[in-house]
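Participant: My questions all concern the structure below.
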Amino acid sequence: MRHLFTLLFLCLSLPTLAHVQKDTITSRLESPYETLKTFSTNIKSGSRNLPAASIVFNNPSLKQEEKEKYAVKLEQILEGAGIFIFFDEVPKSKDYYDSLTNEYRYVINKNYPEIFIEKRRGRWQFQPPEIAQIDSVHKEIFKFGTDFLISEEVKESVLGMKILGLKLWQIIGIAAILFASFLIKHIFALLFERVFISLLDRFKQKNIGSKYLLPVTKPIGMICVFIFISMVYPLLQLPQIVGYYVVMALKGLIPLYGMISLYRLVNVLEVYLTRLVSRTESKLDDQLVPLLKKILRAMVIVAGVLIILQNMNVPILPLLTGLSIGGLAFALAAQDTIKNFFGSMMIFIDKPFQIGDWITAGDDIDGMVEEVGFRSTRIRTFRNSVISVPNGQLADSTIDNNGLRQYRRFRTMLAITYDTPPERIEVFVQGLEQILLHHPNTNKDNYEIHLSEMGSHSLDILFYIFFSAPTWSDELKFKQEIILEILKLGRELSVHFAFPTQTLHVENLPGQASLSPEYTLTKEDLQARLNKYFNMEAKA
């Protein structure tokens, strides 16, 4: 409510703010400056001269009384809308030319472009079409027929006597506006809390109402108060300079509290988005909600500031032009930050990984994804440290998402000694296949178990299988179970696992036969044995 008391202070400062230099009554219409000066000088209460003020209206079909009524209506419009004429800005040239309309005209206030004076026959006046517009603008400002409260009859009655520089009816009006504003604010808060929050309670949403929606009631209530003041303020008919600052304050306060309301309503949107993404399997959406919340809040602030500046008659186009140039310079200076921002957008759109996935990228990135932020992604390494990778770098890298593997590979070579009989090797390989088939978490359709190599010190059996393991811990657990079963099978079948050894053979010893083998069979003998072996195999 402190803003209301500020407005009240402006109203009570009327004698000082409304002080203007008393000029002699003039009726010159040679330029926009002279015309508006003529009207302003003759319409003010100290030297009120309606016949002289009405000369600015050029319509021969109107009677003098009707012209004077239009002069009063124009005065009420200027005071009610808070239009203060800054005569330093009014053109003094007789041949002023509006480049936008390509006509000799001057618009008094850009908020009401339909009210302007036009040059005809060397005189700057309100012409018949513009005079007709005064009625429509007057009805727009004084809604619901409230203009009867500022009629000359009311002003000339007892209510017209002055107290502290204000007329009695103006003081009563200010008090009534403040009292009504107080009631509107508290009635709105009461209705919102009793009705809307109770309705949410029936739908089991009371926590949202009390925690997120209730803080919005105060700024929305203030918006209702300021809208009410903007509707009834014209009835006070305070001087133009006072109205100018009051209207400017209202134009700034309404979007300000609107911006505060939307800023707080973003929290409500966050709650519903959090509930929405919690239904999805992807955990990456959970990181998108806080990022979207920050972006929406930034957009609300930027839009609110621009609207406030526009309502305060601050030129936005030069500001946006300056911001665009500054934005270009900023973009060049912060191109890495912008690259990381778009990298984060691409991560959220493409979803190459989720929160909790094990990813590898390049030589340095290997770990579990913990958080995807506005600039970087945090990864928990297997050393239990946390690394922050810029999203721009991550988006350009080749990402190996181990968390999306349907099966986890287990490949090893089982080395057995060379003295193992071939028949025992065949049975051992069959036993390895049975271990695979009996384990509940192995892929039964894709595996390779074969005697594959003759190594330098062992016979090597390829053991190549896949686990259905959701996590690395499960993978290690299943590996342990398989390896233990292999060791048990080897002990059961008396299959000995080899390890690198060296054997020293002494070829000749005194008194001992030579250890070197003697090769006495001819090629024909060897060929006969080979044919016999394969013939026996064919019969078997």
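Participant: Restricting attention to the range 88-136, which residues are touching a Leu at 6+ places or on another chain (Cβ under 9 Å) and either of a type in the set (S, T, Y) or touching a residue at least 60 places away in the same chain (Cβ under 8 Å) (or both)?
Facilitator: Y106, I108, I117, G122, R123, W124, Q125, F126, P128, I131, I134, listed by residue number.
Participant: Please go through the range 248-280 and pick out each residue that is under 30 Å from F84 (Cα atoms) and over 16 Å from the mean Cα position of the chain (by Cα).
Facilitator: M248, A249, L250, K251, G252, L253, I254, P255, L256, Y257, G258 - these are the residues of the range 248-280 that are under 30 Å from F84 (Cα atoms) and over 16 Å from the mean Cα position of the chain (by Cα).
Participant: Before we move on, is S210 within 28 Å of the chain's Cα centre (by Cα) and modelled with pLDDT under 75?
Facilitator: So S210 fits the description; yes.
Participant: Take the residues of the range 402-418 that are at pLDDT below 85 and either part of a loop (DSSP other than H, G, I, E, B) or within 28 Å of the chain's Cα centre (by Cα) (or both): which is surrounded by the most Cβ atoms within 10 Å (Cβ to Cβ)?
Facilitator: R405
Participant: Looking only at the range 462-477, filter to residues that are touching a residue at least 60 places away in the same chain (Cβ under 8 Å) and not polar (S, T, N, Q); which one of those is most open to solvent (accessible area, probe 1.4 Å)?
Facilitator: Checking each candidate, the answer is W472.
Participant: Of N59, N102, which residue is under 44 Å from the mean Cα position of the chain (by Cα) and either surrounded by fewer than 21 Cβ atoms within 10 Å (Cβ to Cβ) or over 22 Å from L235 (Cα atoms) (or both)?
Facilitator: Every option except N102 fails the conditions.
Participant: Across the range 254-294, which residue is modelled with the lowest pLDDT among those that are open to solvent by less than 60 Å² (accessible area, probe 1.4 Å) and in contact with a strand residue (DSSP E or B) (Cβ under 9 Å, 6 or more places away or on another chain)?
Facilitator: Per the criteria, the residue is L284.
Each row is one residue, and each column tells you yes or no for (1) of a type outside the set (D, E, K, R); (2) under 24 Å from K479 (Cα atoms); (3) assigned to a loop (DSSP other than H, G, I, E, B); (4) open to solvent by 20 Å² or more (accessible area, probe 1.4 Å).
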position	(1), (2), (3), (4)
D363	no, no, yes, yes
D366	no, yes, no, yes
E370	no, no, no, yes
G392	yes, no, no, no
D400	no, yes, no, yes
T420	yes, no, yes, no
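Participant: Next question. Listed residues G145, G82; which is modelled with pLDDT under 85 and either touching a His at 6+ places or on another chain (Cβ under 9 Å) or surrounded by 12 or more Cβ atoms within 10 Å (Cβ to Cβ) (or both)?
Facilitator: G82
Rundown of residues vs (1) more than 17 Å from R424 (Cα to Cα); (2) at pLDDT 90 or above; (3) open to solvent by 90 Å² or more (accessible area, probe 1.4 Å), yes/no style:
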| position | (1), (2), (3) |
| --- | --- |
| M454 | no, yes, yes |
| D460 | no, yes, no |
| E492 | no, no, yes |
| S514 | yes, no, no |
| N531 | yes, no, no |
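Participant: Take the residues in the range 62-76 that are under 56 Å from the mean Cα position of the chain (by Cα) and in contact (Cβ under 8 Å) with a residue 60 or more places away in the chain, then tell me which one is surrounded by the most Cβ atoms within 10 Å (Cβ to Cβ).
Facilitator: L74
Participant: Here's another thing I want to ask about it. Out of (1) charged (D, E, K, R); (2) in a helix (DSSP H, G or I); (3) at pLDDT 75 or above; (4) open to solvent by 70 Å² or more (accessible area, probe 1.4 Å), the odd one out for K339 is which?
Facilitator: Failed condition: (3).
Participant: Taking V90 and the conditions (1) open to solvent by less than 40 Å² (accessible area, probe 1.4 Å); (2) part of a helix (DSSP H, G or I); (3) of a type in the set (A, V, I, L, M), which numbered condition does it fall short on, given that it satisfies the others?
Facilitator: (2)
Participant: Looking only at the range 372-390, filter to residues that are among the small types (G, A, S) and not in a loop (DSSP other than H, G, I, E, B); which one of those is most open to solvent (accessible area, probe 1.4 Å)?
Facilitator: Taking the candidates together, the pick is S388.
The values are calculated or read from the model by the stated rules, or taken from the named source; none is laboratory data. Since we're looking at a predicted model, the values are computed, not measured. No Cβ is skipped: glycine too gets one built from the backbone with ideal geometry, and neighbour counts run over all protein chains shown. With ligands, DNA and RNA removed, areas are computed over all heavy atoms of the protein, side chains included. Shrake-Rupley method; radii C 1.70, N 1.55, O 1.52, S 1.80 Å.
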